[in-house]
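Trainee: Okay, handing you the structure first.
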Protein chains: 2
Amino acid sequence: MNTRQQAIGVFDSGVGGLTVLRALMQALPGESFVYLGDTARLPYGTKTAATVQRYAARAAQFLVQHGVKALVVACNTASAAALPALREHYAHLPVLGVIEPGAASAVAATRSGRIAVLATESTVAGGAYVQAIQALRPQAPVQSLACQLFVALAEEGWVDGEVALAAAHRYLDPLFATAHNRPDVLLLGCTHFPVLAPVLSQVVGADVAVVDASHAVAAALRAVLTERDLLSGAASATAPLLLATDGLARFARVGSTFLGQPLAVTQVQLVDL
Amino acid sequence: MNTRQQAIGVFDSGVGGLTVLRALMQALPGESFVYLGDTARLPYGTKTAATVQRYAARAAQFLVQHGVKALVVACNTASAAALPALREHYAHLPVLGVIEPGAASAVAATRSGRIAVLATESTVAGGAYVQAIQALRPQAPVQSLACQLFVALAEEGWVDGEVALAAAHRYLDPLFATAHNRPDVLLLGCTHFPVLAPVLSQVVGADVAVVDASHAVAAALRAVLTERDLLSGAASATAPLLLATDGLARFARVGSTFLGQPLAVTQVQLVDL
């Protein structure tokens, strides 16, 4: 098989990475995708870096054996812990994470340098976004905020309405309520959060750019595929192949919010890593 | 050491069981407690029954080696999966779970038999509360509702205010808004939920009994200790010994909501199971 016709492999600890898959499918409509959600081992965020590296290596190996022309690590925890090792191991493949593209996109969008990063507790504690942003714009006054409830809201499919709005106010008003030192960019540093972008934008106001890493990843992937002459050239592609390591019914039910289209349990296949 | 002076061992996958510990400490102020939160392996709810049984066996063994006169499984998932095996293995000790006492308490409180059980997704899917209730009151029209967001709200410490109130309305109004077939008991079938009892009671109204399994467990434990002449007889006890298998800072921070008193990280000890 011609390499150009191979699929792009995407993996995450669960369903959150489907927001990245969605952005990739929109940006690259001629490409085929295989998505692997390692739902049997989630959450990655509470595991040690060594364990996450082992899980990520296994997921990447599975996708590479399946025959993919590029790998996207659609998981913040795995991007922070495992990207250098995966890039070294699969030096012949483009391997993209979500953190660098997200940080670059936020830096491009900010005027003041004041960027607010919303993420999970473990991503905030790890500091990967702050490092990636400050590598591009040293001393940028980045603020990170752990918003665990947004994960639950997104998984429950409560992405608008009173609960989401009240939660967004409670998290964000302390950061955005005063004109002085107000961030001008809100970076969504968790793959679950893009589905909440409309309500977040409503709360912070139209003068704050809401930056969603998934679109930045899609742009970066398009660039690298173009550069290496790996674009499929097809006008349209087949439906993505969706794989999960446990809980197919939940994957389909919760995943439809993230993928932005209905998902039947029959569209997801169980695999053992 | 006299058996009566031994501590009571309590374990859970994380911090939720601290609501049970709190009820036990209130009901049995002369007793000493050792609490083990298996935070390295949480959540139990997404694991297979065989895995949860293995984890529970290890936690129980640790507490028994520590020297306890009774075991309380303060975790719905472990109660459902592992209680029979633990009772058989530690036949010389009182071993209590949370499901049977909670179900008995709900059955005692209902007139119509219409009981609404709020729990996590995995507890609802397992059906243990429905079985336990219908074993006591056959054909009782029990309704189970998965309320995942309540877990996140409790862990975030957002136990009152606008977000908790809006979430409670969104989950409960469909069950309680019509006078016809309205449940008269709301059973909190997750150890995280008692901290939300005031807001839940406000939403369902004063004519619905909100039953919290933790108080039922405390009453059952008092009964069995009395029957076996195992009460310590002391007027007051030392502070509980708090152990966790990972993430002491988070355990202390989140746990203080559940225990209902401030917790410093220095009050929690790391153990390896």
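Here, each number is a calculation from the coordinates, and none is a lab measurement. The shown structure was predicted, so the numbers you read here are calculated from the model rather than taken from an experiment. Backbone-built Cβ (ideal geometry, glycine too); neighbour counts: all protein chains shown.
Trainee: Taking the convex hull of the Cα atoms, report for segment A:161-261 its projected area averaged over all directions, in nm².
Mentor: Average projection, Cα convex hull of segment A:161-261: 9.7 nm².
Trainee: Additional query: So the label point sits 7 Å from Cα along the Cα-to-Cβ vector; using that for A:Asp229, what distances do you get to the other copies, in nanometres, sorted shortest first?
Mentor: Spelled out, the distances from A:Asp229's label point are 9.1 nm.
Trainee: List the trypsin sites (Lys or Arg not before Pro) within segment B:105-189 that DSSP assigns to loop and that have no more than 15 neighbouring Cβ atoms inside 10 Å.
Mentor: B:Arg111
Trainee: Over segment A:138-236, what is the mean sequence separation of C-alpha contacts under 8 Å (at least six apart), divided by residue count, expressed as relative contact order in percent?
Mentor: RCO, segment A:138-236: 26 percent.
Trainee: Among chain B residues, which Cβ is nearest the axis of the B-onto-A rotation, and at how many Å?
Mentor: It is B:Ala152, 2, counting Cβ atoms only.
Trainee: Lys and Arg at +1, Asp and Glu at -1: add these up for the other residues within a Cβ distance under 9 Å of A:Thr257 and post the number.
Mentor: Numbers: positive: A:Arg253; negative: A:Glu155, A:Glu156.
Its environment carries a net charge of -1.
Trainee: May I ask you to derive the relative contact order of chain B, considering only C-alpha pairs under 8 Å and at least 6 residues apart, and to give it as an integer percent? Present the calculation step by step, with values, prior to reporting the outcome.
Mentor: On the way: 529 pairs, mean separation 74.3, N = 273.
In percent, rounded to a whole number, it is 27.
Trainee: Any idea what the A:Gln65 label distances to the other copies are, label 7 Å down the Cα→Cβ vector, nm, shortest first?
Mentor: 3.6
Trainee: Okay, moving on. Alpha carbon centre of segment A:114-193 versus segment B:186-248: separation in Å?
Mentor: 35
Trainee: With a sphere of radius 15 Å drawn around the Cβ of A:Ala104, what net charge do the other residues whose Cβ falls strictly inside it have (Lys, Arg +1; Asp, Glu -1)?
Mentor: On the way: positive: A:Arg137, A:Arg222; negative: A:Glu100, A:Asp212.
Counting the neighbours of A:Ala104, the net charge comes to 0.
Trainee: Of the options B:Gly127, B:Leu187, B:His169, report the single residue whose Cα projects farthest towards the positive end of the charge dipole of chain B (beta-carbon charges: Lys, Arg +1; Asp, Glu -1).
Mentor: Ranked along the dipole, the leading option is B:Gly127.
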